[in-house]
Amino acid sequence: MRVARVGILGYGVIGKRLADAVRAQQDMELVGVAGPPASFSLRDAQLLGLPVFVTESPKPGDATASFCKVRGNLDQLAEQCEVLLDCTPSGVPVQYANLGRRHPHLVTIVQGGEKASSVEVSFNSFANYAEAAGKKRLRVISCSSTGVCRFVYTLDRAFGLRQAFISLFRRAADPGKRSKNPTNALSPVMGQSHHAPDVKTVLPHLNLYSVSLDCSTTFAHVLNFQADLRQSVETAEVLAALEAMPRVVVGEGLRTTADLAEHYRDLGRPRQDRPEIYVWKESVGATGTTVYATISVHMESITIPETIDCIRAALPFMGDHNWFSIRLTDQALGIAKAEACYRR
Amino acid sequence: MTILVGIVGHDLVSKRVAGAVAAQEDMVPSPHQPDFCDVVVNCAADPLRLAIPVIQGPGVRREQGPCFSLLADRAEVLTAPSLQIATANVLAFARLLHALLPLGVVTRFFASTFRRAGHATEPRTGCVDALEPLFADPAEDWDLGCLFTERVPTYHVSRTRGPYTHSDLHTLKIDLATTPALTDVLAALKRGPRLMVGAARDGFPNTAQVQEFFRDMGTTDSYTVFVWEESVAVVDGSVVLMVDVPQETTPIPEIIDAIRLNQLPGVSLAASVAQTDAALRVRTRWADWARGL
């Protein structure tokens, strides 16, 4: 079986998770990870046995100089790969745009922090898988946008979605990061947030509006939906549609985002990750054609499955069926639901 | 007539009520037993029944009785033996509706509310680092029913609590039967009593800066709710906005109005609001603050 050769640029919050996810796929091979030579995350990559590459020559005292057996530079990594997952911080990928010109064979996939205009296509596994085929520069929509997308896609596919209003409460920073948000304040985003426009890059026919604020918490986002459907529904029907959807967990009894983190830690998930969106069953209600619901998005891991699917979608030899890829990815990542959920 | 106001219970609201009553020309806080007052404001946990009218504070367990807000029925308030002051958030919703209803009929109301974990002094206030959806709030649900019945046919409030202490911040989507112009919406909000419309670009990027402004202006307590101008939008016939609601202080002016309207038959709600706000020096127009710049 031919495998896709994948490299990762930036071994941070997303990069390290994608490294594990790629290695879990039977049809992919992780060629190596690259980053700044001073980055201690590359030390960890070395400890985990991953081939380490650097974006510039290490200096004495750099982490890679002290801890790593450096295999080469970024160009040398790119030469060996078919796909490069650019997981560098928002705004950085543009610095590596020339990499694609030096290596025309390379498919580059960036994350949602990059502008949609900087890529050929924005991607979501459910929404527009086929559009990725043959593209060289792609973007997986952002973490919260992915969460919104999965939810509205489910409603739209099952019932037809006329419009949705989404209110997001976002964590101020990932657990390991500093926050620009004041310690005891809420920071609203003025006007419409980027999430609805982001989702519309992959589901352009949907009528969405989103607002968001940042708050001093780290575990996960919470999103509230008001969705108007094209038909009247019962709450039970909405729950059934959500429960039948991959990468969506409908649960009850877990009160807070901290409870969710503990729960998935107890389940043995690596890094207590939850790539699925979590829907609080207690929050779901349908009144006529309107559905209300509250979900949680684990921003560190939610885009991982979609990024893996994007690799397959972009490479023609890997097949063009999104549900096939979604099932493969979920099985490899240990988040698969019943087989019937993947039959379309 | 000077209204003798008794105050029962000592909490974050009651101590502010005492000061607000003292600031009014037509009422005084009474040191006497409740039976020797004209009206009592009850800030204890349970409702109080007396021979004289009782204004039940926003933290009191709900029972029957008219619920007071800026949209209250004037006739119902006069001489009512028991008046329930709505929660701070419902009072805020009422202020916003009071401002927007002249623009047209409200067909649906949705609030995605972010609630502080608690006041900074409260010892048990939930998780230090988590968001917690709340699926019920009996007192607030009761007040919402009072506010919206026969006024707004459909409404829904989603609640999430988070590790924060200052105020609540809500995103509202208010569907109107006729689509207003954004300029009309902003003008209506700026006219509305006890609503301050401010801009993030003018130095209010977050709730901390809103709080700090009032601290620096010498009015640590803000009786107004704060609407971010840039958050106001008209989307497919709906008004969308974000509003900051301080929990301890928002009810104070409405408590004063409830006292006055319960006791004095010749005073309209609008007149009482003007009188209360003048006594409490409530300033809502940015122009009034900016005049000093």
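Numbers below:
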{"read-out": "Exposed-site-free run, longest, chain B (rule: trypsin sites (Lys or Arg not before Pro); DSSP loop; at most 16 other C-beta within 10 Å)", "value": "B:152-280"}
{"read-out": "Cα centroid separation - segment A:143-202 against segment A:290-344, whole Å", "value": "19"}
{"read-out": "0 to 90° range, to nearest 10: angle between helix A:322-333 axis and chain A longest Cα axis", "value": "70"}
{"read-out": "Burial of 10 Å² or greater, segment B:162-179 residues [accessible area, probe 1.4 Å, versus chain by itself]", "value": "B:163, B:164, B:165, B:166, B:169, B:171, B:173"}
{"read-out": "Virtual spin-label span in nm between residue B:150 and residue A:232, 7 Å along Cα→Cβ", "value": "2.7"}
{"read-out": "Residue-by-residue Karplus 3J(HN,Hα) for segment B:167-172, coefficients 6.51, -1.76, 1.60, Hz, glycine and proline x", "value": "7, 9, 10, 10, 9, 10"}
{"read-out": "Long pairs among A:200/A:281; A:16/A:69; A:16/A:177; A:177/A:200; A:180/B:190; A:281/A:337, criterion Cα-Cα beyond 22 Å", "value": "A:200/A:281; A:177/A:200; A:180/B:190"}
{"read-out": "Computed FRET value (nearest 0.05) for residue B:50 with residue B:101, which takes r as the C-beta separation and R₀ as 45 Å", "value": "0.85"}
{"read-out": "Rounded to the nearest 20 debye, dipole of chain B from Cβ charges on Lys, Arg, Asp, Glu", "value": "260"}
{"read-out": "Size of the A/B contact, given as accessible area buried on both chains, probe 1.4 Å, in Å²", "value": "3200"}
{"read-out": "Percent antiparallel among DSSP beta bridges (both partners in chain B, rounded to 5)", "value": "45"}
{"read-out": "For q = 0.08 Å⁻¹, Debye-computed log10 I/I(0) when each Cα of the protein assembly as shown counts as one equal scatterer", "value": "-0.64"}
{"read-out": "0 to 90° range, to nearest 10: angle between helix A:303-314 axis and chain A longest Cα axis", "value": "70"}
{"read-out": "Theoretical FRET efficiency, 1/(1+(r/R0)^6), r = Cβ-Cβ of residue B:235 and residue B:201, R0 30 Å, to 0.05", "value": "0.90"}
{"read-out": "Net length gained if the chain between residue A:20 and residue A:263 were fully extended (0.36 nm per residue, minus Cα distance)", "value": "85.4 nm"}
{"read-out": "Accessible surface of segment A:88-199 [probe 1.4 Å, protein heavy atoms]: carbon and sulfur percent", "value": "51"}
{"read-out": "Percent RCO, i.e. relative contact order, over segment B:1-155, from Cα pairs under 8 Å lying at least 6 residues apart", "value": "17"}
{"read-out": "Mean Cβ count within 10 Å, highest first, over the residues of peptides A:92-100, A:312-320, A:77-85", "value": "A:77-85, A:312-320, A:92-100"}
{"read-out": "Karplus-derived 3J(HN,Hα), 6.51/-1.76/1.60, for each residue of segment B:125-139, Hz, glycine and proline x", "value": "10, x, 5, 6, 9, 6, 10, 10, x, 10, 9, 7, 8, x, 5"}
{"read-out": "Residues along segment B:105-122 losing 30 Å² or more of accessible surface when the other protein chains are present rather than the chain by itself (probe 1.4 Å)", "value": "B:108, B:110, B:112, B:114"}
{"read-out": "Around residue A:29: net Lys/Arg minus Asp/Glu count, Cβ-Cβ under 11 Å", "value": "+1"}
{"read-out": "Across chain B: Cys residues that no other cysteine approaches within a C-beta distance under 4.7 Å", "value": "B:37, B:43, B:127"}
{"read-out": "Per-residue [θ]222 nm for chain B (sum of -39500 (n - 2.57) over DSSP H runs n ≥ 4, rounded to 500)", "value": "-8500 deg cm²/dmol"}
{"read-out": "Extension gain from residue A:65 to residue A:3, taking 0.36 nm per residue of separation minus the Cα-Cα distance", "value": "19.2 nm"}
{"read-out": "DSSP bridge orientation in segment A:196-344 - percent antiparallel, rounded to nearest 5", "value": "75"}
{"read-out": "Label point distance in nm, residue A:131-residue B:187, each placed 7 Å from Cα along Cα→Cβ", "value": "4.1"}
{"read-out": "Proximal charge balance of residue B:272 [Cβ under 11 Å; K/R count +1, D/E count -1]", "value": "-2"}
{"read-out": "In sequence order, calculated HN-Hα J values of segment A:163-180 (Karplus, 6.51, -1.76, 1.60; Hz; x Gly/Pro)", "value": "6, 9, 10, 10, 10, 10, 10, 10, 4, 6, 7, 5, x, x, 10, 7, 10, 7"}
{"read-out": "Accessible area in square angstrom per residue, chain A, 1.4 angstrom probe", "value": "38"}
{"read-out": "Estimated FRET transfer efficiency (residue B:36, residue B:216; beta-carbon r; R0 60 Å; 0.05)", "value": "0.90"}
{"read-out": "Cα→Cβ-extended label distance, 7 Å offset, between residue B:285 and residue A:92, nm", "value": "5.1"}
{"read-out": "In degrees, nearest ten, helix B:88-100 long axis to first principal axis of chain B (Cα)", "value": "60"}
{"read-out": "Surface share of carbon and sulfur [accessible, 1.4 angstrom probe, percent] for chain B", "value": "54"}
{"read-out": "Net dipole in debye of segment B:203-266 [+1 Lys, Arg Cβ; -1 Asp, Glu Cβ; about Cα centre; nearest 20]", "value": "220"}
{"read-out": "Between segment A:225-289 and segment B:201-269, the Cα center-to-center distance that results, in Å", "value": "34"}
{"read-out": "For segment A:229-277, residues shielded by at least 30 square angstrom of accessible area compared with the chain on its own, probe 1.4 Å", "value": "A:255, A:256"}
{"read-out": "For segment B:222-293: accessible area per residue (Å², 1.4 Å)", "value": "33"}
{"read-out": "Within segment A:268-295, backbone nitrogen closer than 18 Å to the virtual label 7 Å beyond the Cα of residue A:174 toward Cβ", "value": "A:269-277"}
{"read-out": "Dipole moment magnitude, nearest 20 debye, the protein assembly as shown about Cα centre, only Lys, Arg, Asp, Glu C-beta charged", "value": "1640"}
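The values are calculated or read from the model by the stated rules, or taken from the named source; none is laboratory data. Model, not experiment: these values are computed from the prediction. Neighbour counts run over all protein chains shown; Cβ positions are idealised from the backbone, glycine included. Just the protein is used for accessible areas: all its heavy atoms, side chains included, with ligands, DNA and RNA removed. Shrake-Rupley method; radii C 1.70, N 1.55, O 1.52, S 1.80 Å.
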